[in-house]
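Reviewing the structure listed below.
The values are calculated or read from the model by the stated rules, or taken from the named source; none is laboratory data. If you're wondering where the values come from, they're calculated on a predicted model, not measured in any experiment. We place every Cβ from the backbone using ideal geometry, glycine too, and count neighbours over all the protein chains shown.
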Amino acid sequence: MALSFLRSKLNMAEKSPLQERYQACMILSGAGDALGYNRGNWEFEPDGEKIHKEVAARGGLENLDVKEFPISDDTVMHLATAVALAETGKDASVKDLYGTLVKKYIKCMDDMDGRGPGNMCMRSTVYLKANQAGDWRIPFSKVGGGCGAAMRAMCVGLRFPRPEQERLLVAVSVESGRMTHHHPTGYLGALAAALFTAYAVRGAPRVEAWGQGLMKVLEKAKEYVQQEGYCVEENLKHWDYFGGSWRKYLQHRGILEGTGKAQFPDDYEVTARENFYRSVSFDGTGGASGHDAPMIAYDSLLRARDSWTELANHGFFHGGDSDSTAAIAAAWWGALYGFHNVPPKNYQKLEYYSRLSNVADKLYKLRGLPLS
């Protein structure tokens with residue numbers, strides 16, 4: 001273990017800045033997930049103040065050794081998505097990719113002991129496994145609006161980061177998302193997670209403009225769903241909640257037009273954040289839905305800038321679905337800043353470190369390449 005880790009660190013020193021950011025996107029996403037999850041003790045803990053007190057009692061973020069924090073279902077499924085993208089390669093078709101994703105999602109359910117898998121993901125993969133026709137599509141679900149699609153889609157943006165690949169990014173994020181969460185509130189969260197990763201990889205200069213970009217791409221996603229012709233009526237009936245929630249959030253922060261600086265209240269400490277996260281959630285559980293998991297992650301990124309500590313304070317340690325917001329926020333942050341000032345304890349001995357590192361390199365080599 002020590003020797004393999006040393007080799008990975010030596011190899012890291014030889015990587016380009018962009019390749020290191022690919023590494024950081026995958027590895028830090030896993031680290032954020034593990035820290036936000038804390039063996040299930042902090043995921044869905046309703047009292048954010050309690051979590052922050054426990055972090056302080058352990059000596060603060062810099063003293064949290066990730067070797068004591070196993071990853072949750074979020075990283076298992078994110079890794080499954082990334083491996084499918086890497087294994088499919090440039091000579092495969094989109095349908096080949098979808099078939100591989102289905103296989104990886106079914107297989108990864110064997111690695112969920114103690115990881116808190118979501119009910120929708122488990123039920124949907126059982127359905128996919130039983131589908132002898134091998135189709136990747138599941139029926140529309142009125143209760144498929146959870147964050148399980150968003151938490152695993154950041155790597156789609158690593159594979160298809162270029163502006164000219166936007167239609168492909170939309171298709172893959174939507175279809176991979178509705179393999180388990182066939183509801184626009186659920187799978188549009190996957191689109192947001194993938195799109196913002198692509199923006200980060202491009203080095204988009206203004207994070208404040210990302211939300212405006214999402215609002216434009218949502219229209220393209222709507223066109224895609226209509227063109228595909230699968231459960232169109234049901235999807236359109238429930239379409240507006242996601243975009244409406246994001247429009248309201250961007251207006252609240254003063255960045256709907258993508259200009260200016262995000263506006264935060266003078267008091268945005270733990271209690272104020274907890275209240276805000278609950279207010280943007282579907283049922284009072286911040287980060288549990290497809291719209292607010294990326295929203296809270298985005299809010300954390302806007303507030304933290306290049307501070308890993310502030311990102312964790314805002315996006316990892318809060319009441320609600322903390323590991324999902326952490327996985328998403330940390331992926332975007334890593335794609336922007338690499339491992340800049342991240343305490344080594346927070347990521348160096350992460351479970352599945354090598355697997356995440358290896359797939360990041362594969363996605364880096366495949367980045368921007370088309371599918372046949």
- residue 358 being in a helix (DSSP H, G or I) and free of Cβ contacts under 8 Å to residues at least 12 places away in the same chain: yes
- Note on the structure: Flagged pairs (Cβ under 7 angstrom, 6 or more apart or on separate chains; first in region 219-231, among the small types (Gly, Ala, Ser); second surrounded by 15 or more Cβ atoms within 10 Å (Cβ to Cβ)) are 221/170; 221/174; 221/188; 221/191
- Subset of region 58-82 [within 19 Å of residue 40 (Cα to Cα) and surrounded by 20 or more Cβ atoms within 10 Å (Cβ to Cβ)]: 61, 64, 66, 69, 71, 72, 73, 74, 75, 76, 77, 78
- In this structure, does residue 268 turn out to be over 24 Å from residue 159 (Cβ atoms), part of a loop (DSSP other than H, G, I, E, B) and of a type outside the set (A, V, I, L, M, F, W, C)? yes
- Message: Please go through (1) of a type in the set (Gly, Ala, Ser); (2) in a helix (DSSP H, G or I); (3) over 21 Å from residue 178 (Cβ atoms) for residue 286 and return the number of the only condition it doesn't satisfy.
- Response: (2)
- Item | Residue in region 18-41 that is at pLDDT below 95 and either hydrophobic (A, V, I, L, M, F, W, C) or touching a Ser or Thr at 6+ places or on another chain (Cβ under 9 Å) (or both) present | no
- Just one of (1) assigned to a loop (DSSP other than H, G, I, E, B); (2) acidic (Asp, Glu); (3) crowded, with 22+ Cβ neighbours inside 10 Å trips up residue 306, so point out which. (3)
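Quick one: which helices (runs of 4 or more DSSP H) lie wholly within region 160-254 and hold at least 2 residues that are among the acidic types (Asp, Glu) and within 19 Å of the chain's Cα centre (by Cα)? Even if it seems obvious, please write down each step before you answer.
Numbers: elements: 166-177, 184-202, 210-228, 232-237, 240-253.
Helices (runs of 4 or more DSSP H) meeting the threshold: 166-177.
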- If residue 127 satisfies every condition in (1) surrounded by fewer than 22 Cβ atoms within 10 Å (Cβ to Cβ); (2) within 22 Å of residue 36 (Cβ to Cβ); (3) out of contact with any Leu (no Cβ under 8 Å at 6 or more places or on another chain) but one, which is the exception? (2)
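Could you list all residues from region 216-243 that are of a type in the set (A, V, I, L, M), surrounded by fewer than 16 Cβ atoms within 10 Å (Cβ to Cβ) and touching a Leu at 6+ places or on another chain (Cβ under 8 Å)? Give the steps one after another, and end with the answer.
Step one: list which residues in region 216-243 are of a type in the set (A, V, I, L, M), which gives 217-218, 221, 225, 232, 236.
Keeping just the survivors that are surrounded by fewer than 16 Cβ atoms within 10 Å (Cβ to Cβ) gives 232, 236.
None; the set is empty.
Considering only region 256-296, how many residues are within 14 Å of the chain's Cα centre (by Cα) and free of Cβ contacts under 8 Å to residues at least 40 places away in the same chain?
Filtering region 256-296 down to residues within 14 Å of the chain's Cα centre (by Cα) leaves 287-296.
Then keep just the ones that are free of Cβ contacts under 8 Å to residues at least 40 places away in the same chain; that gives 296.
Adding up the residues that qualify gives 1.
Quick grid of which residues meet (1) more than 28 Å from residue 44 (Cα to Cα); (2) in contact (Cβ under 8 Å) with a residue 24 or more places away in the chain:
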{"position": "84", "(1), (2)": "yes, no"}
{"position": "91", "(1), (2)": "yes, yes"}
{"position": "104", "(1), (2)": "no, yes"}
{"position": "131", "(1), (2)": "yes, no"}
{"position": "137", "(1), (2)": "yes, yes"}
{"position": "141", "(1), (2)": "no, yes"}
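Does residue 200 satisfy the criteria of being under 24 Å from residue 284 (Cβ atoms) and not polar (S, T, N, Q)? Can you show your working first?
Working: under 24 Å from residue 284 (Cβ atoms): no; not polar (S, T, N, Q): yes.
Criteria not met by residue 200.
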